[in-house]
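Shown next, in C-alpha cells, is the structure this report addresses.
Derivation of every value follows stated rules applied to the coordinates shown; laboratory data play no part. Quick caveat: nothing in here was measured; it's all calculated off a predicted structure. We place every Cβ from the backbone using ideal geometry, glycine too, and count neighbours over all the protein chains shown.
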Amino acid sequence: MTSTQTTDTTHVGVAAALAGLPSVRTAFAQFSLQGRVALVTGAQRGIGLELSLALAEAGAVVYCMDLPTTPDADWVKVQEYCAGLPDHPDVGTKGRLEYMHGDVTNQKSMWALAEEIVKTEGRLDVAVANAGIAATAPCLEYEADDFQKVLDVNLNGVLYTAQAAGQQMAKLGIKGSIVLIASMNGSIANPNGQWTAYNTSKSAVLQMARSLACELGEKGIRVNTISPGYTDTAMTRSVSRELFATWASQNPLGRIGRTDELRGAAMWLASDASTFCTGSDIIVDGGHRAW
C-alpha cells in the first residue's frame, strides 16, 4: 500500500478469495498508516500523546501539537521510544513523532500550521482534535469569561483543527479521517458535579462531528468522534482520591480507563479499516452509559 493509495475494499477478505486473487493477509494491513501524515492536538501528554504514539506505531508521521513552545522531557522520552521501535511485517515501517507549538483557539494560526505540515510532508491524512480543558463551577455562578474559555478550547479549537485538516485534505484530494475527541459527558451529566461548561462543550462536539460528516462526505473525508469515559490522566488525577474511587465504581468494570485503551478506536477510525464509518460516536467508557 503506497502513501497515495487506500485499500481496495472490493477485493479484501472474502471478496478477494471469491475473485480468485492471490492469498494476502489484509486484516492487520488495513490498520496500517504507512506513508500517512497525522496532526494530533493537545499531544504533549495524556490521551493526545498516547494516540500519537499509536498512530506512529502504525506507520504515520505524527505532528504532536500543543501550547508549550518546546516539549517536556517526558514527550522527548516517548519520541525516543518511538524511534527505537522495530518495523512490523503487517504494518510496515514505523512512523515518527514531531513536535509543533500551536494554539487551537487561533483559527488562522491553525490553518497555517496545517499548511506548514503539508509543505514539509506533502500531505495530511489524519487529524485528531484532542486538545481540551476541564473546569468546574456552580452553574448559577459560572463566570462568563470562564465559561467562554472552556468553549474556546473544547469547541472552537476542535472546529479550527477540523477546518485546518479538512482544507488540506480537500485541496489535495485526500480521503482523510478527522477524529474529534468528545466525552461520554457529551451525552450524560455527572451526579454531584459542576460540569456545565465541559458537558455543554462536549455535547456540541458530537453534533459538530455529525454536521461535518454530512458536509464533507462528498469529498470522501470522514469525521467521527471518540467518547472516553473517566480516564486516568494528569487532569483526572487532580481530583480527590475519594472522587476518583467514586468514578471507578460508576461503571460495570469497576475501574478508571487507561489512555492506552483508547488506541484501538483511534487507529481504527484513522485507518482504512473504517472507510464506511462517518458521523459516528465510538464510546469507550467501561460501560458507564450501559447502566
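Binning the alpha carbon pair distances of segment 26-285 at 5 angstrom intervals from zero yields the distribution 1, 6, 13, 18, 20, 17, 12, 7, 3, 1, 0, 0, expressed in whole percent. Expressed in Å, the radius of gyration and Dmax of the Cα atoms of segment 154-291 are 16.0, 51. Cross-link pairs exceeding 21 Å in C-alpha to C-alpha distance, out of LYS119/LYS175; LYS149/LYS171; LYS94/LYS171; LYS171/LYS202, comprise LYS149/LYS171; LYS94/LYS171; LYS171/LYS202. Among residues other than GLY122 with Cβ under 13 Å from its Cβ, the summed charge is 0 (Lys and Arg +1, Asp and Glu -1).
One Cα centroid belongs to segment 22-79, the other to segment 174-247; the line between them spans 20 Å. Note on the chain: dipole from Cβ charges, positive end direction compared against GLY279, ALA131, THR236; the farthest Cα belongs to GLY279. The local environment of SER227, defined by Cβ-Cβ distances under 9 Å, has a net charge of 0 under the rule Lys, Arg +1 and Asp, Glu -1.
Counting only Cβ charges, +1 for Lys and Arg and -1 for Asp and Glu, the dipole size of the chain around its Cα centre is about 500 debye.
Coupling constants for segment 212-220 follow from the phi torsions by the Karplus curve (6.51 cos²θ - 1.76 cosθ + 1.60, θ = phi - 60°), and in residue order they are 5, 4, 5, 6, 8, x, 5, 8, x Hz; glycine and proline get x. In the chain, the DSSP beta bridges split such that about 5 percent are antiparallel, to the nearest 5.
Note: segment 13-164, Cα convex hull, 146 Å³ per residue. Residue-wise HN-Hα couplings along segment 43-58, as the Karplus relation 6.51 cos²θ - 1.76 cosθ + 1.60 with θ = phi - 60° gives them from phi, are 10, 7, 7, x, 4, x, 5, 4, 5, 4, 5, 4, 5, 5, 4, 7 Hz; Gly and Pro carry x. The string of couplings for segment 186-201 from the Karplus curve (6.51, -1.76, 1.60, θ = phi - 60°) is x, 10, 9, 10, 9, x, 6, x, 10, 10, 4, 5, 4, 4, 4, 5 Hz, one whole number per residue in order, with x for Gly and Pro.
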